[in-house]
Amino acid sequence: MSEHKTLEEITNEDLHISYSAVSCYRNCSLKFLYKYVEGKKPESLSINLILGSSIHTAINMLCCSHKNAQIEPFQAITDTFQTSLTLDINNTEVPVIFSKTISDVNSAISMGNSMLKVFYDNFNFTEEVVAVDLPLSAILYDENKQPTEYKLVGVIDLLIKNNIGELIVVDFKTASKSMSQEAVHQDQQLTSYSYILAANKYIDPKADIDCRFDVLLKTKEPKLQQIKTIRTKEDRKRFAKIASAVLSGISNRVFYPVQSFLCSSCEYSNACKDW
Ligand code: SF4
């Protein structure tokens, strides 16, 4: 891809940007440049990414089966997980980086099966499922409340209703350590989902919405952590300003390395050294 891509080209023809892209830019704009602007092939792939994606596929299957009132047995869930993991590992063109705790394919399968067992055993089959993997988009407004030509897009893992009919946004995560309540309160992913839900009239634009992270921990004995939070109209307004600032940074080609703990799993570390 050309180094002179316009913002329109970077954000695709229909001018959209996802939360993942916003988050990538905020964490390290140089990584954003490699991934979204130059379309550079990753140098490697972390087993944690493959594991997380395969677990997500399996959880998605369980949620869909619950929504359709035909709950899949645990064996079917783990079969889906293993197929997804094996295919992803076999099909990748770059080296897979294993870790201390997940040192090969067998240990990845064993860890994934244990994590899914915890998830399955704790799954609340009484919750009413409204949608699974719900794709939505919404126009982004600038800080002067004027509509921009850009859309925010996102796919919500799970939307459920509580026993008094209120919506709860659920996002699934896999992590090596538990998330703090403060980190969940600050998390912009849930805010971005709240934004697109309000814009699509799932909730009143002025209303708060309940959100929850379901975090499957890759610990020796896997655990499920469920952490609740809420998002308000003010949170959504702030997110729109953040997204606007990110678009402005991209438009002005502001790209530089931000070294952090994320560098250890960065798939562009060689390119970064040559920057
Ligand atoms: S190695 Fe770190 S600083 Fe370099 S591109 Fe990756 S995340 Fe950014």
(request) Tell me the strands (runs of 3 or more DSSP E) entirely within region 144-247 that contain at least 3 residues that are in contact with a Phe, Trp or Tyr (Cβ under 9 Å, 6 or more places away or on another chain) and of a type in the set (A, V, I, L, M, F, W, C). (result) 147-161, 167-175, 209-217
(message) Return the residues of region 14-40 that are touching a Lys or Arg at 6+ places or on another chain (Cβ under 8 Å), crowded, with 18+ Cβ neighbours inside 10 Å and modelled with pLDDT under 95; say none if nothing qualifies.
(response) Ile17, Val37
(request) Working carefully through the options Leu136, Leu152, Leu140, find the one that is touching a Gly at 6+ places or on another chain (Cβ under 8 Å) and aliphatic (A, V, I, L, M). (result) Leu136
(message) I'd like the full set of residues that are within 16 Å of the ligand (Cβ to nearest atom), hydrophobic (A, V, I, L, M, F, W, C) and in contact with a strand residue (DSSP E or B) (Cβ under 6 Å, 6 or more places away or on another chain), limited to region 20-66.
(response) Leu45
(message) I'd like to check something: does region 210-225 contain any residue that is farther than 25 Å from Tyr120 by Cβ, of a type in the set (A, V, I, L, M, F, W, C) and assigned by TED's automatic domain parsing to the domain that holds Ile164?
(response) no
(request) Go through region 176-195 and count every residue that is touching a helix residue (DSSP H, G or I) at 6+ places or on another chain (Cβ under 9 Å) and modelled with pLDDT of 95 or more. (result) 9
(message) Checking Ser23 against (1) assigned to a loop (DSSP other than H, G, I, E, B); (2) more than 22 Å from Asn270 (Cβ to Cβ); (3) among the small types (Gly, Ala, Ser), only one condition comes out false. Which one?
(response) (1)
(message) Going residue by residue through region 135-153, is there one that turns out to be within 13 Å of the chain's Cα centre (by Cα) and more than 29 Å from Glu221 (Cα to Cα)?
(response) yes
(request) Take the residues in region 246-264 that are more than 9 Å from the ligand (Cβ to nearest atom) and of a type in the set (A, V, I, L, M), then tell me which one is farthest from Ser23 (Cα to Cα). (result) Val254
(request) Identify the single condition in (1) away from the ligand (no atom under 16 Å from the Cβ); (2) within 30 Å of Tyr120 (Cα to Cα) that Ala240 does not satisfy, given that it satisfies every other one. (result) (2)
(message) When you check Thr219 against the structure, is it without any contact (Cβ under 8 Å) to a residue 60 or more places away in the chain, buried (at least 17 other Cβ atoms within 10 Å of the Cβ) and either basic (Lys, Arg) or closer than 24 Å to Gly52 by Cβ (or both), yes or no?
(response) no
(request) Pairs only if they're at least six apart or on different chains, beta carbon under 8 angstrom, first in region 89-114 and over 25 Å from Ala76 (Cα atoms), second part of a strand (DSSP E or B); list them, first residue then second. (result) Val94/Leu45; Pro95/Leu45; Val96/Leu45; Val96/Ser46; Ile97/Leu45; Ile97/Ser46; Ser99/Ser46
(request) Starting from region 263-275, keep only residues that are within 15 Å of Pro95 (Cα to Cα), then list their pairs with residues that are within 8 Å of the ligand (Cβ to nearest atom) whose Cβ atoms are within a distance under 8 Å, requiring at least 6 positions of separation or different chains. (result) Cys266/Cys28; Cys266/Lys31; Cys266/Cys272; Tyr268/Leu30; Tyr268/Lys31; Tyr268/Tyr34; Ser269/Cys263
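The values are calculated or read from the model by the stated rules, or taken from the named source; none is laboratory data. Because the structure is predicted, anything quoted here is derived from the model rather than measured. Neighbour counts are summed over all protein chains in view; Cβ atoms, including those assigned to glycine, are modelled from backbone coordinates with ideal geometry.
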